[in-house]
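Below is one structure, written out as structure tokens, with a few remarks after it.
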Amino acid sequence: MQVDEPQRDALADYEEQILQWLRPDETAGQLLRRTYVQPLRTGLPLIDRFTTLRGGQVLEIASAAGCGRTTALLQVAASCILPGPFNGIDYGGQAAHVLFFDLDGKMDVVKLLEMLDARISQRQTEAGVPLEQQDEQPAMQDSLARFHLVRCHSSFELLASLRTLRPALDALAAAPGGLACLLIDNVAAFYYLDKAARGAPAGGGGGVFAGGGAAEDITREGAPLTLYRVHAAIAAELRAIQRRVRVPVIASKHVLFPGGREAAGQPQDPWSHRDSMMKPWQDLVTHRLMLRTEISSSSSRGVGGRGAAHAAAAGAGPPVRLAKWVLPEDAAVVRYGLDQDGVHVLQVGGPS
């Protein structure tokens with residue numbers, strides 16, 4: 001079949017259009033550079049020795065009282081906000097911003113200052129600065145400028161904060177050093193308040209929330225909110241934030257271990273506990289680390305919380321704190337200690 005000149009030109013143009021459509025917009029290297037998310041170095045050995053956190057992931061640190069949940073979050077914050085090279089000394093930090101949501105009212109600014117002071121002093125000593133010439137204030141002030149604290153006194157305040165802070169999150173993500181992570185201290189803090197807030201919303205209905213839908217319906221439907229709706233809304237807001245600024249979320253959570261009559265005379269899994277969070281939150285979590293306390297003395301059978309602390313005070317022996325990964329599952333049990341500098345690993349493996 002013969003093709004005249006105009007048809008050949010049209011066919012050539014068509015083939016060129018097809019080739020342009022098939023030709024990639026970027027090389028494989030450019031794609032990886034664009035989509036690669038730098039892992040978060042938390043500075044917490046319970047995390048960094050066993051897994052790697054990246055943007056879009058959610059780590060839950062669950063424990064009874066007295067296991068160091070808040071201390072662990074402050075240790076992560078200190079590692080992120082400390083500078084790297086600063087005034088001729090490398091402080092080993094990431095010089096990144098951190099947003100810390102305090103829901104429990106237990107965020108201790110003094111403890112954070114002590115952590116920062118100890119690390120800054122240690123780095124100055126290692127750099128050969130004489131003790132009498134050491135000055136922690138410049139590095140301390142530089143670090144604290146990147147620590148952003150939000151205190152919430154109800155789940156509704158938390159949801160409102162997550163929504164209204166979106167422009168601030170964009171600004172922090174674009175700032176030098178970027179936004180390292182979101183830290184939430186005790187996502188279960190308002191469990192009993194939310195559980196008691198039964199009743200129909202002001203606008204009625206609720207079909208969207210029954211399926212864990214979009215969080216923006218909260219302000220339209222009003223309060224009170226059921227427990228399920230609250231947890232679904234928190235999960236939806238955090239997902240929206242992670243789509244907007246791809247950062248990891250680390251949240252602590254209070255759990256109850258069985259004890260007293262509930263555990264008497266029955267063989268118990270020492271890691272079994274009552275989870276207060278609903279399925280929408282559980283579906284959001286990608287990593288889960290369990291912490292608990294036991295007593296080293298063989299005469300004590302306590303497994304955590306106030307029972308262990310009371311036994312230790314009565315002379316039964318120093319508290320032994322244990323950690324275990326349950327998501328992703330890991331059979332190894334880690335013994336750890338708490339001091340002024342934070343959490344440190346004592347032993348990996350051994351009886352649980």
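Considering L322, L256, the condition of being at pLDDT 90 or above, among the hydrophobic types (A, V, I, L, M, F, W, C), over 24 Å from C181 (Cβ atoms) and more than 17 Å from the chain's Cα centre (by Cα) is satisfied by L322 alone. Just one of the listed residues (S143, S154) is hydroxyl-bearing (S, T, Y) and within 29 Å of T125 (Cβ to Cβ), namely S143. Among residues of region 98-109 that are in contact (Cβ under 8 Å) with a residue 24 or more places away in the chain and acidic (D, E), those with a beta-carbon under 6 Å from a residue that is assigned to a strand (DSSP E or B) and surrounded by fewer than 19 Cβ atoms within 10 Å (Cβ to Cβ) at least six positions away or on a different chain give the pairs D102/R151. Of all residues being under 19 Å from L172 (Cβ atoms) and of a type outside the set (A, V, I, L, M, F, W, C) in region 88-123, which is surrounded by the most Cβ atoms within 10 Å (Cβ to Cβ)? Just the residue, please. Per the stated criteria, the residue is G93.
In this structure, is A118 in contact with a Gly (Cβ under 7 Å, 6 or more places away or on another chain) and either over 14 Å from I250 (Cα atoms) or aliphatic (A, V, I, L, M) (or both)?
On the way: in contact with a Gly (Cβ under 7 Å, 6 or more places away or on another chain): no; either over 14 Å from I250 (Cα atoms) or aliphatic (A, V, I, L, M) (or both): yes.
No: the conditions fail for A118.
Residues in region 171-193 that are at pLDDT below 95 and in contact with a helix residue (DSSP H, G or I) (Cβ under 6 Å, 6 or more places away or on another chain): F190 only. Exactly one residue out of G105, G128 is modelled with pLDDT of 95 or more, over 20 Å from D339 (Cβ atoms) and part of a loop (DSSP other than H, G, I, E, B): that is G128.
All of A263, A232, A236 fail the test of being out of contact with any Ser or Thr (no Cβ under 9 Å at 6 or more places or on another chain), modelled with pLDDT under 90, closer than 30 Å to K324 by Cβ and not charged (D, E, K, R), apart from A263.
When residues in region 47-57 are screened for being surrounded by fewer than 23 Cβ atoms within 10 Å (Cβ to Cβ) and touching a residue at least 40 places away in the same chain (Cβ under 8 Å), 7 of them pass. Looking only at residues in region 124-179 that are more than 20 Å from R246 (Cα to Cα), charged (D, E, K, R) and touching a residue at least 24 places away in the same chain (Cβ under 8 Å), the one that is surrounded by the most Cβ atoms within 10 Å (Cβ to Cβ) is D142.
The residue that is surrounded by the most Cβ atoms within 10 Å (Cβ to Cβ), among those in region 272-293 that are over 14 Å from the mean Cα position of the chain (by Cα) and among the aliphatic types (A, V, I, L, M), is L291.
The values are calculated or read from the model by the stated rules, or taken from the named source; none is laboratory data. These figures come from a predicted structure and were not determined experimentally. In this analysis, Cβ positions are derived from the backbone assuming ideal geometry, glycine residues included, and neighbour counts consider all displayed protein chains.
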